[in-house]
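For reference, the structure is listed below as structure tokens.
Please treat every number below as a calculation from the coordinates, not as lab data. Source: prediction; values computed, not measured. Don't worry about glycine lacking a Cβ; one is built from the backbone with ideal geometry, like all the others, and counts go over all protein chains shown.
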Amino acid sequence: MTNTYDPNIPQPLDALADSQVDLLSNFIKMSEVFANNHIPLESATTADRGKHGEIELVQRVNTPLNSTTNLSLYTKEGTDIESQLYYLPKDPNSEIQITNYQNYDVSMDDSRIFTFLPGGFIIYFGFFTMTSAGPFQFELKPRCKTIDSVILSPKLPASQFVAPFVQTTSTKDDEGVEYENIVIAFLTRSSGTINQVMQYTVIGKL
Amino acid sequence: MTYNNSIPNANDFIIQSQGQLLNNFQDIFKAFNINHVPMNQENEGKHTLTTLERQGGAPATAADECALYNLLGTDAQSQLFYRPDSNGVQIQMSYQTVVTTGLQQRSFMAGPFIFFFGRVDNLNVGLNTITLTPAVTTLLTAQAVCTSKEYAPSQFASQGFAISPTNFTVNSFDVVFNPTGAPPKFNIYYLAIGVV
């Protein structure tokens, strides 16, 4: 902060010679502060002034209040203790956590992709190759605390028709925290062919 | 007093302008505090939140900008919308609720799509109807896979657990479970995506 904005100037008995410095200081300060996140007041493109260049959201402690037709976007501490983006469509009881994972980049390895869904969900998808009819264990990374749904879909010609079957199981980390992060796949009605490519979609919570 | 953007005038004396200037500086300070970290504080100018008031229509976007805004969605609720540059086709980004507990959970995806997923326990052999809440405009896909923690792998080497989602409606789909053997309890995991 270079100078301070003073909302209490000019005072009734101030001479213009005194106020001029205060007025100038406030105008400079407004310009500097407004330039944070916003297209500057001095922008050569008049129509852009007041628009946002970015929106930095300082972490809040509380859920804000909304009117019935407003929406709010803000950041709060998420379940993983990191700042996360939240969305408030209506009243405070309708708060939705939008993001939930930021310790690693969203993977783009096409066999192991994950991203997030609003609500604190993480969704994994990709494929693995089963070297037998099963059980074949596939570990989800990053680990999730619960698995809410698993879909398996064999990538096979019709002549090798199989029906997948799935189970899940848990592991514990060094501190004893339990993660339901293992998918166990089986092939039924298998014609005996192995090295089957299995496409998967898993939805869970961190 | 409200903010006055027409002062001071050329012939105003300072005794006249002082109150008007003071009022404007106070109004600027108060107005800026809404949604922003106040001036004279660390992070001044950054946002504490972004409140979007509902707009009457999509804003125009230039060639090098995009917009996030609030419009009435197809379900008559305020929704978050995104418009790409050059007045591109707007996309509804939100739905007003998610469900994060229980056997049927749901989230949403830009489109707008509702993403249902979960588990159904104790499936019957034959046709089972999975009901989805809320109803969607169109149910686009439904997929399901058999699961059971009670069933040992050795028990189903010769079994077949084919399961076929079918009969899509706006709030349900059927799964036809047709095992080749006589299974004990069976559950399914499912995933369904519909248009809001």
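For the reader, a short list of remarks on this structure follows.
- Averaged over peptide B:97-108, the number of partner chain Cβ atoms lying within 10 Å of each residue's Cβ comes to 5.
- Scattering from chain A was approximated by placing one identical point on each alpha carbon and applying the Debye formula without solvent; log10 I(q)/I(0) at 0.08, 0.11 1/Å stands at -0.52, -0.75.
- Long-range HN-HN contacts of B:S78 with modeled amide H, under 5 Å: B:G73
- One equal scatterer on each Cα of the protein assembly as shown, no solvent, Debye formula: the resulting log10 I(q)/I(0) at q = 0.07, 0.10 Å⁻¹ is -0.48, -0.79.
- Segment B:Q16..B:A76, full-extension length gain: 16.6 nm, with 0.36 nm per residue of separation and the alpha-carbon distance subtracted.
- Computed magnitude of the charge dipole of the protein assembly as shown (debye, nearest 20; Cβ of K, R +1, Cβ of D, E -1): 1800 debye
- Residue with peak Gaussian network fluctuation, chain A [Cα springs, cutoff 10 Å], from A:A17, A:A185, A:A35: A:A17
- Whole-Hz ³J(HN,Hα) from phi, Karplus 6.51 cos²θ - 1.76 cosθ + 1.60, for the stretch B:82-94, glycine and proline x: 10, 10, x, 5, 6, 6, x, 5, 6, 10, 6, 9, 10
- Comparing B:S94, B:S17, B:S172 in a Gaussian network model of chain B where C-alpha atoms under 10 Å apart are linked, the largest mean-square fluctuation is found at B:S17.
- Selected from A:V21, A:V177, A:V162 as most flexible by GNM, with chain A as the system and alpha-carbon contacts under 10 Å: A:V21
- Percent of alpha-carbon pairs separated by more than 20 Å within the stretch B:1-137: 69 percent
- Inter-chain neighbour count for A:115-126: the average number of beta-carbon atoms from partner chains within 10 Å of each residue's beta-carbon is 4.
- 26 Å Cα-Cα threshold exceeded, pairs from A:K90/B:K30; A:K90/B:K46; A:K76/A:K172; A:K90/A:K141; A:K29/A:K90; A:K145/B:K46: A:K76/A:K172; A:K90/A:K141; A:K29/A:K90; A:K145/B:K46
- Normalised by 2.2 N^0.38 Å, where N is the number of residues, the alpha-carbon radius of gyration of the stretch A:1-85 equals 1.54.
- Diffusion of the stretch A:24-137 by Stokes-Einstein, at 25 °C in a medium of 0.890 mPa s and with Rh set to the Kirkwood radius over alpha-carbon pairs, works out to 136 µm²/s.
- Other protein chain Cβ atoms within 10 Å, averaged over every residue that makes up B:65-77: 2
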